[in-house]
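Colleague: For reference, the structure I am asking about is given below.
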Amino acid sequence: MKKNFWLLKTEGEVYPIDALKKDKKTPWSGVRNYTARNYMRDEMQKDDLCLFYHSSSKENGVYGIAKVASAPYPDPAQFNKKSDYYDAGSGKENPRWILVDIAFVKKFKKPVLVGVMKNDSALNDMMLWYAHRLSIQPVSEKHFRHIEELALE
């Protein structure tokens, strides 16, 4: 089975790489964009690797690597009336919102910041530059490996 590669965006002040490192694994909940949901539901597979990207942060960029740690399943927040992610139109028989669990793999010694990535011609055609608001994005293996290399510099 072919491995896929992903970029997961999180607000660095809300759920940074250090929180994932501490938690070891977490449900990637609260995603309320149909394209991102479809990636989780239809394409993400256990053990796919993910670039862990801090957005809306002091320094946006890739801070480490995570992996998909489960098969997709319904996001329980959609059924919780007290949750910010409650969806009255979603039913348990046919849930609207899906998630996967994400597990910590490693934190980069220094993040690969957005400015470095934008100025690197090897990354010119990344989805990140034209799908700004999409919180889950596919990444080519070539881009994934290049960002890993940049983290070592």
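Colleague: For the range 106-136, what are the residues that are among the polar types (S, T, N, Q) and over 16 Å from Y63 (Cβ atoms)?
Modeller: Taking the range 106-136 as the starting set, the residues that turn out to be among the polar types (S, T, N, Q) are 119, 121, 124, 135.
Scanning the range 106-136 gives N119, S121, N124.
Colleague: Still on this structure: Working carefully through the options L134, L51, find the one that is touching a residue at least 60 places away in the same chain (Cβ under 8 Å), part of a loop (DSSP other than H, G, I, E, B) and touching a Leu at 6+ places or on another chain (Cβ under 9 Å).
Modeller: Values: L51 fails: part of a loop (DSSP other than H, G, I, E, B).
On inspection, the qualifying residue turns out to be L134.
Colleague: Now, a different point. Looking at (1) under 15 Å from S29 (Cα atoms); (2) in contact with a Phe, Trp or Tyr (Cβ under 8 Å, 6 or more places away or on another chain), find the lone condition where F144 falls short.
Modeller: (1)
Colleague: Considering only the range 19-66, state which residues are out of contact with any Lys or Arg (no Cβ under 7 Å at 6 or more places or on another chain), surrounded by 20 or more Cβ atoms within 10 Å (Cβ to Cβ) and hydrophobic (A, V, I, L, M, F, W, C).
Modeller: L20, W28, A36, M40, M44, L51, F52, V62, A66
Colleague: Being closer than 20 Å to M40 by Cα and polar (S, T, N, Q) is the filter here, so list the residues in the range 110-153 that pass it.
Modeller: Within the range 110-153, S135, Q137, S140 qualify.
Colleague: S83: under 26 Å from D18 (Cβ atoms), touching a helix residue (DSSP H, G or I) at 6+ places or on another chain (Cβ under 8 Å) and without any contact (Cβ under 8 Å) to a residue 60 or more places away in the chain, yes or no?
Modeller: On the way: under 26 Å from D18 (Cβ atoms): yes; touching a helix residue (DSSP H, G or I) at 6+ places or on another chain (Cβ under 8 Å): yes; without any contact (Cβ under 8 Å) to a residue 60 or more places away in the chain: yes.
In short, yes.
Every read-out reported here was derived from the displayed coordinates using simple, explicitly stated rules and does not represent laboratory data. Just so we're clear, the structure is a prediction, and the values are computed from it rather than from any experiment. A quick note on method: Cβ atoms are made from the backbone with ideal geometry, for glycine too, and the neighbour counts reach across all protein chains shown.
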